[in-house]
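Some notes on the structure that comes next.
The values are calculated or read from the model by the stated rules, or taken from the named source; none is laboratory data. Being a predicted model, the structure only gives us computed values, none of them experimental. Neighbour counts run over all protein chains shown; Cβ positions are idealised from the backbone, glycine included. Only protein heavy atoms, including side chains, enter the accessible area calculation; ligands, DNA and RNA are left aside. Shrake-Rupley method; radii C 1.70, N 1.55, O 1.52, S 1.80 Å.
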Amino acid sequence: MNTGLYDYWLVFLAGMFSAPHCLGMCGGIMSAMTLQSKASLLQTILAYNAGRIVTYMAVGAFMGFAGSFVNAAGVVIGLQGIANIAGGLFIILWVVKKFALPLDKYSPLQLSSAQKLLHLLKSRQGIAPVLVSGLLLGFLPCGLTYTMHMKAAATGSMAQGMATLGVFGLGTLPALVAIGLFSFVLTKTLRSKVLFVGNALALCIGILSVLRGLAINGWIPTVNPWLW
């Protein structure tokens, strides 16, 4: 499936409106990094987030690669766009029921060697330790990132899967860069409203993925290349 500009805008906005979730998941890590690092504040923020987004993109490429095999298998059994339908359904299930495949069990962060490396990096100075920490912590289990993994798989393409997670990562960037400002400006009520918008956008992405899969099979009419 070709992912259009419209899709990337939805993915970017989903990342941007997930700011309250990002503050809860990564805010503490980002604060600790900036306080402990001997590098400048800007260098620390950029290095950590660069590492995090690179990991997102690598996982996105892998999921897109896996999705291409799912699509190929679907063609053999006469089902086109099966990765779109499956990926969309998993996104919807996470948004509605918070159901997710237990992928975090296979995260590199579960390895004792990775934990030891993270502990060692805390005592090191400079940008490199911050960058490597970002690369490792990009594997932190996160529901919203998980939905984007499913979206990447639905593309059935390594390049588009990588681009999807890259755009999502860029969408989350403003919240983490401006974490100090956000923590004061966003009240608890406002955070929940912003997060609601982020979840609504993720739900739209899931529904569109399912509709595209159905349209590819000819089960529903194609409306618009930007939609399905």
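Some values worked out for this structure:
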quantity	calculated
The range 40-53, residues that are in a helix (DSSP H, G or I) and farther than 13 Å from Phe168 by Cβ	Leu41, Leu42, Gln43, Thr44, Ile45, Leu46, Ala47, Tyr48, Ala50, Gly51
The lone exception for Gly166 - which of (1) modelled with pLDDT under 70; (2) of a type outside the set (A, V, I, L, M); (3) open to solvent by less than 30 Å² (accessible area, probe 1.4 Å) it fails	(1)
Condition met for Gly74 (modelled with pLDDT of 70 or more and buried (at least 22 other Cβ atoms within 10 Å of the Cβ))	no
Residue within the range 174-195 that is open to solvent by less than 50 Å² (accessible area, probe 1.4 Å) and at pLDDT 80 or above present	no
Single residue of the range 105-149 satisfying the filter (closer than 30 Å to Ile92 by Cα, modelled with pLDDT of 80 or more and part of a helix (DSSP H, G or I)) that is most open to solvent (accessible area, probe 1.4 Å)	Leu135
Complete set of residues in the range 151-161 that are open to solvent by less than 10 Å² (accessible area, probe 1.4 Å) and of a type in the set (A, V, I, L, M)	Ala152, Ala154
Of residues in the range 40-54 being buried (at least 21 other Cβ atoms within 10 Å of the Cβ) and among the polar types (S, T, N, Q), the one farthest from Met158 (Cα to Cα)	Thr44
